[in-house]
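Enquirer: Take a look at this one; I'll ask things after.
The values are calculated or read from the model by the stated rules, or taken from the named source; none is laboratory data. It should be emphasised that the depicted structure is a prediction, and the values quoted were computed from it without experimental measurement. Quick reminder, even Gly has a Cβ in these numbers, built from the backbone with ideal geometry, and neighbours come from all protein chains shown. Surface areas here come from the heavy atoms of the whole protein model, side chains and all, with no ligands, DNA or RNA. Shrake-Rupley method; radii C 1.70, N 1.55, O 1.52, S 1.80 Å.
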Amino acid sequence: MGGLEVTMIANQVLQTNIEGLKNITRVDICVMDTEGKALATTIDHVEEYQEAVMAFVNSPADSQVLQGYQFFKVFDEHQLEYVILAKGDSDDVYMVGKLAAFEIQNLLVAYKERYDKDNFIKNLLLDNLLLVDIYNRAKKLHIETTVRRVVFLIETKNEKDANALETVKGLFASKSKDFITQVDEKNIILVKEVKPNETYADMEKTAKVILDMLNTEAMTMVHVAYGTMVNEIKDVSRSYKEAKMALDVGKIFYSDRNVIAYSSLGIGRLIYQLPMPLCKMFIKEIFGDKSPDDFDEETIATINKFFENSLNVSETSRQLYIHRNTLVYRLDKLQKSTGLDLRVFDDAITFKIALMVVKYMKYMENFEY
């Protein structure tokens, strides 16, 4: 892993740390990489010490004094990562240099653990780990294995939406047991710990908070989906897959909803898992060579309203501002052309599912081209 951590600690973070140390101690400090390039500094013209730094890098000494500067090494698991220069040759400056090295050593450990945790969560979500690895790595990273968790998937309109990611991190990253990561360009993943007394109603509230925050803070329209709660760390990937499916199924059948729970997908979830040939066969059996697309807008509006009102003729005719007999006439006409009477519960179910299957087929056709 040597070399990776150099870029992991942002130069800005190093700069802030050494400026803080300088304000307290009045000692100038510079942090260099192993090639003698300054990554953060309060000293001007440090490039003239490049050769001295390279000689120090190749020497066995952990610290040395040269030309009024003290040099120190910072290691990451026996791999040299940084060289620190402190200006002055007194004992006090030596102590400040040692402090700076200690500080950056700790930063390395913290950043590495954060990187490792993120790496672990990504691989966990994508099912890239063996069962034994999951538990061993979780133990090493101090991640509890038997905690209730649920996965939220936040899809942003724009790819690589840094604002959205920062907003989500701002909301949850401070809670050290929640993890925020990304495995592709469009989706932000939140693996959230669920407290013992929390229910799905609370998850719905959390999803709405995310939605509201992103709509106002990051000025971006998003969809939020979430899976079911799992008790074991090994099942986190299942909750992630469920959230992914909820996002897809939601787009097809519930496009008016911005928050969608896997547990509320209903028939849509079943249809989504049907193979295409089966869907085509089912539609052919019901409509023959016709398709629900052939119905005029008036008929479709009538059907939808009838379903909305739980097959109640009086209520539907009232809401459509038509006479009851007009509605009955429309339903009779539909029965003649399809053989299905929507006033009969079984026929209504068949028709409702058929409409959803057609919707699914259309979505998949657009998706394929």
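Enquirer: Could we say that Y272 is within 30 Å of I154 (Cα to Cα) and either aromatic (F, W, Y) or within 41 Å of the chain's Cα centre (by Cα) (or both) here?
Expert: Yes: the conditions hold for Y272.
Enquirer: Output the residues belonging to segment 167-209 that are more than 18 Å from L125 (Cα to Cα), among the acidic types (D, E) and part of a loop (DSSP other than H, G, I, E, B).
Expert: E198
Enquirer: Can you spot a residue in segment 333-349 that is assigned to a loop (DSSP other than H, G, I, E, B), touching a helix residue (DSSP H, G or I) at 6+ places or on another chain (Cβ under 6 Å), in contact (Cβ under 8 Å) with a residue 12 or more places away in the chain and open to solvent by less than 70 Å² (accessible area, probe 1.4 Å)?
Expert: Yes - at least one qualifying residue is present in segment 333-349.
Enquirer: Right, another one. Here's a check for you: in segment 306-319, which residue that is in a helix (DSSP H, G or I) and polar (S, T, N, Q) is farthest from D332 (Cα to Cα)?
Expert: So, considering only residues that are in a helix (DSSP H, G or I) and polar (S, T, N, Q), the one farthest from D332 (Cα to Cα) is Q319.
Enquirer: Another question about this same structure. Can you list residue pairs whose Cβ atoms sit under 8 Å apart, with the first residue in segment 123-143 being in contact (Cβ under 8 Å) with a residue 12 or more places away in the chain and the second being of a type in the set (F, W, Y)? Count only pairs 6 or more apart in sequence or on different chains.
Expert: L125/Y240; R137/F120; A138/F120; L141/F120; I143/F120
Enquirer: Given the criteria within 41 Å of the chain's Cα centre (by Cα) and without any contact (Cβ under 8 Å) to a residue 40 or more places away in the chain, does Q319 qualify?
Expert: no
Enquirer: Name the residues in segment 104-158 that are aromatic (F, W, Y) and modelled with pLDDT under 90, would you?
Expert: Once the filter is applied, which keeps residues that are aromatic (F, W, Y) and modelled with pLDDT under 90, segment 104-158 yields Y111, Y115.
Enquirer: OK, next. Tell me which strands (runs of 3 or more DSSP E) are completely within segment 63-138 and hold 3 or more residues being open to solvent by 10 Å² or more (accessible area, probe 1.4 Å) and not hydrophobic (A, V, I, L, M, F, W, C), or say none if there are none.
Expert: The strands (runs of 3 or more DSSP E) meeting that bar are 69-76.
Enquirer: Could you say whether any residue in segment 11-21 is aliphatic (A, V, I, L, M), assigned to a helix (DSSP H, G or I), modelled with pLDDT of 90 or more and exposed (fewer than 14 other Cβ atoms within 10 Å of the Cβ)?
Expert: No, there is no match, as no residue in segment 11-21 is aliphatic (A, V, I, L, M), assigned to a helix (DSSP H, G or I), modelled with pLDDT of 90 or more and exposed (fewer than 14 other Cβ atoms within 10 Å of the Cβ).
Yes/no matrix, rows are residues, columns are (1) under 19 Å from L355 (Cα atoms); (2) of a type outside the set (V, I, T); (3) in contact with a strand residue (DSSP E or B) (Cβ under 6 Å, 6 or more places away or on another chain):
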{"site": "K290", "(1), (2), (3)": "yes, yes, no"}
{"site": "T299", "(1), (2), (3)": "yes, no, no"}
{"site": "L311", "(1), (2), (3)": "yes, yes, no"}
{"site": "S314", "(1), (2), (3)": "no, yes, no"}
{"site": "K333", "(1), (2), (3)": "yes, yes, no"}
{"site": "K336", "(1), (2), (3)": "yes, yes, no"}
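Enquirer: If you don't mind, there's one more thing I want to ask. Identify the single condition in (1) open to solvent by 20 Å² or more (accessible area, probe 1.4 Å); (2) in contact with a Ser or Thr (Cβ under 6 Å, 6 or more places away or on another chain); (3) more than 20 Å from K234 (Cα to Cα) that A164 does not satisfy, given that it satisfies every other one.
Expert: In the conditions (1) open to solvent by 20 Å² or more (accessible area, probe 1.4 Å); (2) in contact with a Ser or Thr (Cβ under 6 Å, 6 or more places away or on another chain); (3) more than 20 Å from K234 (Cα to Cα), A164 misses (1) alone.
Enquirer: Output yes when any residue across segment 139-152 is open to solvent by 20 Å² or more (accessible area, probe 1.4 Å) and not in a loop (DSSP other than H, G, I, E, B), and no when none is.
Expert: yes
Enquirer: Let me ask something else. Does segment 26-35 include one or more residues that are within 43 Å of the chain's Cα centre (by Cα), among the hydroxyl-bearing types (S, T, Y), at pLDDT below 90 and over 19 Å from D92 (Cα atoms)?
Expert: Yes - at least one qualifying residue is present in segment 26-35.
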